Amino acid sequence: MDIKAMVRTLHPLEVKVLNHYKPGTELSAERLVKELGYIEGQANQALNWLCGKELAVESGRVSKTVYELTPLGKEWFETGTPDERILRHLSEKGAARLPDLAQALAIPPKDVGSAFGILSREGALSMDSGKRAVLDTGWFEAAHSGKEKPRIVLVRDLVTRAAGEKGGILEEAGLSAAERTAMGGIAKKRGSGDAAFRISDRETVMFTLAAGCAEAVAALSDAGITGGEIGAVTQDILEKGSWKDSAFRPYNVKGKPARLELGRRNPYVEFLDSVKDKLASLGFEEFDGSLVETEFWNCDALFMPQFHSARDIHDVYYLAEPERARFIEQPHLDAVAGTHENGGSTQSRGWRYSFDRDFTRRLILRSQGTVLSARQLPTAQVPGKYFGIARCFRYDRVDATHLSDFYQTEGIVLGEDVNLRTLLGFLRMFATEVAGAKEVKYVPGYFPFTEPSVEVHIKHPVLGWFELGGAGIFRPEVTEPLGVKVPVLAWGIGIDRMALMALGLNDLRELFSLDIENVRLRRNMTR
Amino acid sequence: MVFEELHGRMLKSLRFFNILPETRGETHMPKIEVNETLFFSLVGRRYDAAELEKLLPVAKAELDEWNRDEGNEDDRVIKIELNDTNRPDLWSTAGLARALRIYSGDPVPDYPFFSRDGDQREAVFRIVVDASVRKPRPYIAAFVVSGKPITDAMLKDVIQTQEKLAWNFGRKRRTISMGVYRIALIKWPVVYKAVTPDSVSFVPLQSDRSMTLSEILREHPKGREYAFILENEPEHPLLVDSTGAVLSYPPIINSNDLGAVKVGDSDLLVELTGTDLPSVTLAASIIACNFADAGYCIKPIAVDYPFDTDYGRRVVNPHYFQAPVSIDANRIGKLLGKPFTPEKARECLARMGVRSDQHGVFVSASPPEYRNDFLHPVDVVEDVMIGFGMENFEPERPHDFTIGRLTPIELLSRKVKGLLVGMGYQEMIYNYLGSGRDYIERMNVPGDDTIRISNPMSENFEYVRPSILPSLLMSEAVSAKAPYPHRIFEVGKVAYRDVSANYGTTTRQKLGFLASHANADFNEAASHAAALLYYLGEDNAVGDSEDPRFIPGRQAAVLRNGSPIGVFGEMHPRVLDNWGVTMPCIAGEIDIETLLPGASSR
C-alpha cells in the first residue's frame, strides 16, 4: 500500500501522535495519557496501530513500582489523616484522654493508641498527669521551620500529590528518600483496604517512532488530514450542520464485518416448502393427517394382506395405550374386509384368509405416506389431484441412511381416462419440474397396492442414474372398496435424497440437526 | 462432495412409495447370489454387465454386484436384488434365468410332471399324513429329484432358494419350510405326524448327540431361532419313515442321519411343510421347475390326508392348482393408454412365460406352474405391459384441469414462520420420536398424555413428542458453544393422548419458540407472544398459568375465547438444570390449529 493510501486509513488517535512527535521520539502509553490527554485504552490502541503500520517499533519494556491512592487514601485527602485529625482536635478542644479522643473522632481506640505512640515518640504529644494527651506547641512550630519535614507533613504531601494525578498514581521513581520512607508506613501490596496506597509493579512498553513518520506526516498534510475529521455521524452533527465545515474520516471498508445473528428459515423446511409450491402449481391439492393411524388405513385399505411380512412387529411401531381405535368407519370396513377375504365385488380372488377385525383396529404410527392417499379416496373429486408430504415412522436403527421418522412425498391422480401413459407423463413432469432432470427412464416396479407398477429413474449430472420415485395405478382392490370407480394413479418421490443433494449433505440425520450453530450457518446450495 | 459414496449407500436404502421397509435384514426384498456359469448356462447365452442391467428390469430385478475380474467364472457370483415380493419363483438362479430366457425369445417350457385336476401323474412314493398334525402344521408337499448327481453350484442354489422361500415367502418358516434328504436311506411310506416334544429324540444336524424335541428348542441354535413358531403347541410336527427313523422336525431342523445332503448325492427327496396349502404347493412347484430346468428328472410323490383339503384327500405333487384369469383386451388398452388386440396382448404374455387363450375380445391367461400372482385381471395387464416393453409407452401430457392448493394449516404455518423469522428466530426441524427421559422427566411433567410405543427400537425412541419444547431444549443442551443470543422455533406436529378421539390420540400443528441469552426474561417472551398474536389478528388475551415447566408467577396462558391455547414464560431453572443448560431461557408454545377459521375453539 502506498503512503498516500495508507495515511487515509489512519485513525485520528494515530494522526495526533504523528503530528505531535518527531521520528525517533520514545513514547509510552503513559506519556500519551499525560501529554495528549488520551485515556489509557486509546493510547495503547494508537501505539499498537502505529506499530502495525510500521510507523513505530517496540523498543523495550520498563518495569516500575507505583503507588495508587486507595479509597481510604482519598478519604484522608479529603478529611485529613488520623494524625492530623488528632492534632487538630487537641489544638482546638485542648487536652483529652485517649478513649475520649477515639469516641470524638470515631477512630478505633487501638488506632488512636498507636497514633499517640508514634506522635509522642516524634515529640509532638505528651501525656499529662491526668492521662490526657497534650499538644507540644513548641515542637510543632520547630518542626515546620526546620529543614527536615516531619513525617506527618510528608504524608499530607503524598496524599495531596496523588489526588492530583490521573488515576491517583505516584511513581516510586518520583519520590525523595524521605518520602519513600513515609510511603512505607502508609502503603501495602496486599490487603490495601486499610492502607492509603496500594503498591503495584507495572510494566510499561516503550515505543519509538520510525523514520517513515516524517513521510507520513507530509502525506497527511498533502491530503489535508488533520485528525479532526468526522467519525461517527451523530444526530448532533446533523442537527447543527457541523459536517458542512468538516471532512469525513474514511473507514476501512475491507475489514471483516461483525457477525449477525438473524432470524432465518430452515433450509430443509424451505426445500420441502418449495416442493409443495411446485406440486400446487401443477394442480395438486395438499392433504394431511394424523401421525397415529390404524392397521386398517395404513395397510388393509391398501390391500396388503394382514399376514404380509412388512406388517411384522419389527417393521411398524405399535401404541402401548390405547392399543386399538374404538371403530373403523363403515362401510369401508366391510368393503375392505370382503375384498381381502374373497375379492368382494372387485373381480379379484382376494387373499383368501379370514380378515381379522380386531387386528385392523390396532393403532400404529403411520409407516407410509400412502395412508393419506387411501384416506383421501372416499371423498376425492374426479378429476382430482392430491399430494402430501407426510412424516412417517419406521422400525429402524438410526444411522446416516435411516431415521426413526422422516418425510415421504406421495400423491394420487383420479380421472376417467388416466392410464399408464398419463402416469408416465406425470412422472416426466416431476422429473423435469421438481427434480430438474433432463433424462428420464421408466422400469417395471413392484408395490403391493399398484398394478401395473413402475419406477422412474433420472440422470443426475454427478450421480448418474438413480431412482427418483415409484408409481403405479392403484389396484381395483384398493379403489373400489372405497367407492372410487375410476382409475387412480399413485406416485411417490424420494424427497430426502433430493434434499440432501440440494443442501450438500450426506447424512440424513443432519436434516433434523439439533445443533443450532450448524443450522444457523448452513446454506441452501440450490440456485 | 461425496455423491458417489452417497449413491451406493442411499439408492437402495431410500426406497419410498414402498410399503416394504428398508432391506437391512433382507426381510422383505430378497437379494440372491447366482453362480455365473450356472446362471448363463440356464439363460442359454452370456451377457455383459450393461446388457444384463438392461434386461433385469423385465423380472423387476436389479444388478447389485458383479466383480467380473475376480477368480474364475465357475466360482464367481452375481448379486441381484429382486423387487417383487409376490414372485418367489424369481428368487433362484434357475427361476431368474428362465424369465430372462423366455423374454429373449425362448419357448415357454413344458413341465410334464405336474398333476392337474383330472390328469394325475403316477406317484413313485407315498407320504401318509396323520390327523395329529392338522393343528400345528397340516400340509406337506414332496417330490423326488433324480437323474444325475447334485453339483456344488446347484446345491448352493437350492439352499439359497430354500432360505429365501422360507424366510421371505414363508414368513421366517412360519408358513413354509423345506427339507432335502437322500432317498436311499428312507423306508417308505413316510409318515407326517405330530408328537409331544418329550416323547421323541434324534440327532439333529449340527449336533453329535441325540436330543428330544424340547431339548432342540432349548439348546440347538436352530431350535432357539425358530422355537417361536411352535410356541403354545402341545404337539410338534415330525417326519419319520416307515421304520420310525426321523427325517426331520419341521420347521426346525433335519435329522443328521437321513437329512444330510452333500455334493455328489443323487436321488433326493424334497419336502415342504406349512400352514397354507397353496403356498406349500407353489413353493414345491418352484423348486421342482428349478431342478427340471437344470436337467434333473422330477418324480411325483402322493400325499394322503385323513382330512379334506382344497385339493382333495390325495394330492400328488408337483400339483398345478392355479386358475386362468380372463380380461377384455379393451380394458388392457384403457389401462395402458394404448390399444391392444387380443393377439397382441397374447404375444406380450408369451414373452412373460404366460400361456393364454382367446375368446372373442377376451384373453384368458393361465399362470405358469411356478407363479400364483394373478389375483385380479389387472395383474395380467402388468405382464402385457412388461412383455410389450416399458420403453415402448410414450408419456402423455396430463390434460385434466384441477386447481392446486395448500392446506389452510400450511398457509397459516407459513405466516407464523414469517413472523418468527422477523423477530429474529432461526427455524429448526426435529424428529418426532424420543425418550421418556427427554419428553417427560427432564421437562418436569407427569407425562400421562404422552404416547408410548409398545415395541420401541430403543428407549431413545420410545415416545411420540407431546410438545415442541423438549425438542428446542435438546438443541440448547448441545449448543452452549454457539454464540448467544439463541432464538429458535419450529412449527410442527405433536401428538398426545385424547380420550375423546376414536384413536385415543390427537395430532396438532403447534408453534414452539425459545430464546436463550444472558438477559432473557418474561418481558421478552410476552413481547414476542404479543407481537405474534397482533399480526395474526388475534386479541392479546393472557391469563394465569401453572405449567411446571415454567417459573411460577413468570408464565402466562394464551387465551382464545377464554380457553388456553398456549403458554409462554421463563423456563424453570429445574428444567434447565435437567438439561444441563446454564443460560436463562424463555419459551412458548401455541396450538396454531385453534387459530384457523372454523377451528373448534371458536
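Net length available on complete extension from A:T79 to A:K22 is 16.1 nm, with 0.36 nm assigned per residue and the Cα-Cα distance removed.
For B:D152 and B:R397, the FRET efficiency from 1/(1 + (r/R0)^6), where r spans their Cβ atoms and R0 equals 41 Å, is about 0.15. In this rough spin-label picture, where each label sits 7 Å from Cα along the Cβ direction, the A:W243-A:F327 distance is 7.5 nm. When you filter the trypsin sites (Lys or Arg not before Pro) in the range A:387-489 for DSSP loop state and at most 12 other Cβ atoms inside 10 Å of their Cβ, you are left with A:R397, A:K438, A:K485.
With the gyration tensor restricted to C-alpha atoms of the range B:349-436, the semi-axes of the equivalent ellipsoid amount to 53, 21, 13 Å, longest first. In this structure, the amide hydrogen of B:L559, modeled 1.01 Å from its nitrogen in the peptide plane, lies closer than 5 angstrom to those of B:A541, B:V542, B:G543, B:I565, counting only residues at least 5 positions away or on a different chain. Take each residue of peptide B:460-473, count the partner chain Cβ atoms within 10 Å of its Cβ, and average: the result is 2. Percent of Cα pairs in the protein assembly as shown per distance bin of 10 Å, from zero to the largest separation: 2, 8, 13, 15, 13, 11, 9, 7, 5, 5, 5, 3, 2, 1, 0, 0. Rounded to two decimals, the Cα radius of gyration of chain B over 2.2 N^0.38 Å is 1.29. For GluC sites (Glu not before Pro), the sites in the range B:476-551 that DSSP calls loop and that have at most 13 other Cβ atoms within 10 Å are B:E546. Among A:262-268, A:486-492, A:370-376, sorting by the average number of other beta carbon atoms lying within 10 angstrom of each residue, highest first, gives A:370-376, A:486-492, A:262-268. For the range A:268-521, the relative contact order is 20 percent, taking Cα pairs closer than 8 Å that sit 6 or more residues apart in sequence and dividing their mean separation by the residue count.
A cut-off of 5 Å between modelled amide H atoms, ignoring neighbours fewer than 5 places along the same chain, links A:L468 with A:V456, A:H457, A:I458. The calculated pair-distance distribution of chain A uses every alpha carbon pair, bins of 20 angstrom beginning at 0, and gives 16, 24, 14, 18, 18, 9, 1 percent. Peptide A:398-404 shows a mean partner chain C-beta count of 6 within 10 Å per residue C-beta.
Between B:S458 and B:L411, the contour length at 0.36 nm per residue exceeds the alpha carbon distance by 13.3 nm. What is the distance in Å between the Cα centres of the range B:249-306 and the range B:108-122? So the two Cα centres are separated by 17 Å. By the count of other C-beta atoms within 10 Å, a proxy for reagent exposure, A:T450, A:T422 are ordered fewest to most as A:T422, A:T450. Based on alpha-carbon atoms, the Kirkwood radius and the radius of gyration of the range A:325-430 give Rg/Rh equal to 1.02. Taking label positions 7 Å along the Cα-Cβ direction at both B:S104 and A:E517, the computed distance is 5.9 nm, reported to one decimal.
For chain A, give the share of DSSP beta bridges that are antiparallel, in percent and rounded to the nearest 5; count only bridges with both residues there.
Within chain A, antiparallel bridges account for around 95 percent of the total.
Using a cut-off of under 17 Å, list every residue of the range A:231-250 whose amide N is near the label point 7 Å from the Cα of A:K4 along the Cα-to-beta-carbon line. The answer is A:250, whose backbone nitrogens lie closer than 17 Å to the label point. In this label model, A:E58 and B:A227 are separated by 7.7 nm, measuring between points 7 Å along each Cα→Cβ vector.
Measuring r between the beta carbons of A:K147 and A:T226 and using R0 = 45 Å, the FRET efficiency lands at 0.30. For A:D417 and B:S500, what is the calculated FRET efficiency with R₀ set at 56 Å and r taken between the beta-carbons, to the nearest 0.05? Result of the calculation: an efficiency of 0.80. Working note: 222 nm ellipticity from helices only, DSSP H runs with n ≥ 4, each -39,500 (n - 2.57), summed and divided by the residues of chain B, gives -7500 deg cm²/dmol to the nearest 500.
Under the shape rule built on the C-alpha gyration tensor, where the axes satisfy a ≥ b ≥ c, the range B:118-277 is rounded, since a/c falls short of 1.5.
Sparsely packed loop sites in the range B:135-242 (the trypsin sites (Lys or Arg not before Pro) outside DSSP H, G, I, E and B with at most 10 other Cβ atoms within 10 Å) comprise B:R209. Cβ crowding within 10 Å ranks A:C213, B:C289 as A:C213, B:C289, fewest other Cβ atoms first. Other protein chain C-beta atoms within 10 Å of residue C-beta, averaged over B:387-394: 3.
Within a straight-line Cα-Cα reach of under 18 Å, B:K262 can be paired with the following lysines, leaving aside sequence neighbours fewer than 8 residues apart in one chain: B:K148, B:K156.
Estimated at 0.36 nm per residue, the fully extended path between A:I118 and A:D100 surpasses their Cα-Cα distance by 4.6 nm. From the alpha carbon centroid of the range B:147-167 to that of the range A:19-59 is 91 Å. Calculate the length of the line joining the C-alpha centroid of the range A:261-277 to that of the range B:409-432, in whole Å. The range A:261-277 and the range B:409-432 have Cα centres spaced 9 Å from each other.
Across all directions of projection, what mean area in square nanometres is found for the Cα convex hull of the range A:268-521? The orientation-averaged projected area of the Cα hull of the range A:268-521 comes to 14.2 nm². Counting other Cβ atoms within 10 Å as a rough exposure proxy, the listed residues B:D373, A:D157 run A:D157, B:D373 from fewest neighbours to most. Residue-wise HN-Hα couplings along the range A:111-126, as the Karplus relation 6.51 cos²θ - 1.76 cosθ + 1.60 with θ = phi - 60° gives them from phi, are 5, 4, x, 5, 4, 4, x, 5, 5, 6, 5, 6, x, 7, 10, 8 Hz; Gly and Pro carry x.
Which residues does a label at A:E261 reach in the range B:425-449, if reach means a backbone N under 20 Å from a point 7 Å past the Cα toward the Cβ? Flagged as within label range: B:425-429.
Read the figures in this text as sums done on the coordinates, not as results from a lab. Fair warning: this is a prediction, and the values are worked out from it, not measured in the lab. Note that each Cβ is placed from the backbone with ideal geometry, even for glycine, and that neighbours are counted across all protein chains shown.
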